[in-house]
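The values are calculated or read from the model by the stated rules, or taken from the named source; none is laboratory data. Everything quoted here is computed from the prediction, not taken from an experiment. To get the accessible areas, we keep the full protein, side chains included, count just its heavy atoms, and leave off ligands, DNA and RNA. Shrake-Rupley method; radii C 1.70, N 1.55, O 1.52, S 1.80 Å.
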Amino acid sequence: MNTNNNFKINDFGNLFESYMNMYKNVIDIGLKNTPNFNLLNSSENCDSCPPKETCPPKYLGRIHRQAMKNEIIIIPFTVKNTCSITKTYRIGIRELKDLDGNLAPQQPVLKKRKVVLAPNQSERIFMEIDLAEFNNTNYQAEIVIRENEYNQNILLTLSVQDHDAAVFSPIDEAKYKRKWQSWKNHFYCDSPKRN
């Protein structure tokens, strides 16, 4: 008798599972085919969803520069007022450090610390760095633009590395004295004129 009851419970479980699968399929097909019923996605905006918190970006932008040791480089950037009223911006720069947090041998020097800009006006700012004592590594600093209360930063990354220099080999001066260069070229060179 116990075997008969187990058989009925198993049948009921299988029957219940098949009804649930059928119900799920009907709901999925029906909801997808109903034109006025929108399934809520996390990527969609809806009136019943809580507002998403949006924060200003950490950096307004990035400036990347490559240079060689012993160079003196000038890095330009432009500040533009996109507001409808005149704005005064203070400009500064945090310490230039390598990726291990060590201070760079020389710090960047801003040529201008404050700009007053009318609506849609822009102004170029120059920053100079003397790389005489720098090591071949990467450095970072933040350029700070501030109107009143909030810092708005630009990430400056500087990569100091040795680069292959362009190689130029001067021609033997005796070749300038020859009128006919080669039977393959079929042209003549004018002799350089002396002053």
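Annotation: Arg65 carries an accessible surface of approximately 80 Å², with a 1.4 Å probe and no ligand, DNA or RNA atoms counted.
When His64, His163 are compared by accessible area at a 1.4 angstrom probe, the order from most to least is His64, His163. The residues of segment 113-154 expose on average 58 square angstrom of accessible surface per residue, using a 1.4 Å probe on protein heavy atoms. Cross-link check: pairs Lys52/Lys80; Lys80/Lys114; Lys58/Lys112; Lys58/Lys111; Lys69/Lys111 evaluated at a Cα-Cα cut-off of 20 Å; pairs beyond the cut-off: Lys52/Lys80; Lys58/Lys112; Lys58/Lys111; Lys69/Lys111. Shape call for segment 44-112 from the C-alpha gyration tensor, a ≥ b ≥ c root eigenvalues: rounded (a/c under 1.5), prolate (a/b greater than b/c) or oblate? Cα axes put segment 44-112 in the prolate bin.
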